[in-house]
Amino acid sequence: MFYIVRVKIKPFFIFEVTVEYNIGEKIKELRKARQLTLQAVANETGFSPALISQIENNNVSPPIATLSKIARFFEVKISHFFEEEEDPRRFEVVRVPDRRVVSRVISKAGKGHGYTYEALSVHKLNKKMEPFVVTVGERSTDETMYNHDGEEFLLVMKGTAEVLLDDERIKLEAGDAIYFDSSMKHRLLSYDGNEVQVLAIVTR
């Protein structure tokens, strides 16, 4: 997990610094604190122990739904994996360069999900909702659906999306929104293979 910081040194050039954001290490710390094996976490999340190991080493990333299940298993909020160690604050402003981009998202089958997500809140503690920007870059052939506790709100900001919701297939254009119980099996796809960008808000 990483985000990009662009640094300009006048008048010469602009370079990029990639800063790692270590979700995997936080999962490993939670697991070791409870003296749990990789297999125990795998049983709860549906991933294989080998894939959990890859997640802990930040080689791959779990989808939002799986991250929610991991959080529930360890009795923490999703925000635990994005928060920085700072004093509590009553409000938070997140500039574009401050977003945490989670890439290399992998399904239970070990296949790429074809999307990234960015946390829109990284400093506000004890949140009741988790806001993300989800970007789907292509039409995935993998239509594995997920479910987790809580509720979810999606607002399509760019492109045409298809939401799989139990037995329904719902087409959403830019500006359309959907609100649903996250216990329903669901999946966000690009409808036509073009890039889709969605504001996603998840609650527990």
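The values are calculated or read from the model by the stated rules, or taken from the named source; none is laboratory data. Because the structure is a prediction, the values reported are computed rather than measured. Backbone-built Cβ (ideal geometry, glycine too); neighbour counts: all protein chains shown.
Just one residue in the set Asp181, Asp192, Asp87 is more than 25 Å from Ile55 (Cα to Cα) and at pLDDT 95 or above; that residue is Asp181. Would you call Arg90 more than 27 Å from Ala33 (Cβ to Cβ) and either in contact with a Lys or Arg (Cβ under 8 Å, 6 or more places away or on another chain) or not β-branched (Val, Ile, Thr) (or both)? In short, yes. Restricting the range 172-191 to residues that are surrounded by 12 or more Cβ atoms within 10 Å (Cβ to Cβ) and of a type in the set (D, E, K, R) leaves a set whose member that is farthest from Met157 (Cα to Cα) is Lys185.
Just to be sure I understand, how many residues within the range 11-43 are of a type in the set (D, E, K, R), modelled with pLDDT of 90 or more and over 14 Å from Phe82 (Cβ atoms)?
5
Going by the conditions given, is Val163 at pLDDT 90 or above, crowded, with 19+ Cβ neighbours inside 10 Å and of a type outside the set (Gly, Ala, Ser)? Yes.
Here Leu120 fulfils each of the conditions (1) closer than 26 Å to Glu44 by Cα; (2) crowded, with 18+ Cβ neighbours inside 10 Å; (3) at pLDDT below 95; (4) within 16 Å of the chain's Cα centre (by Cα) apart from (1). When you look at Arg187, is it under 17 Å from the mean Cα position of the chain (by Cα), closer than 21 Å to Ile70 by Cβ and at pLDDT below 85, yes or no? No: the conditions fail for Arg187. For Phe132, the criteria (1) in a loop (DSSP other than H, G, I, E, B); (2) at pLDDT below 95; (3) not small (Gly, Ala, Ser) hold in every case but one, which is (1). Being surrounded by fewer than 20 Cβ atoms within 10 Å (Cβ to Cβ) and modelled with pLDDT of 90 or more is a property that Leu125 lacks.
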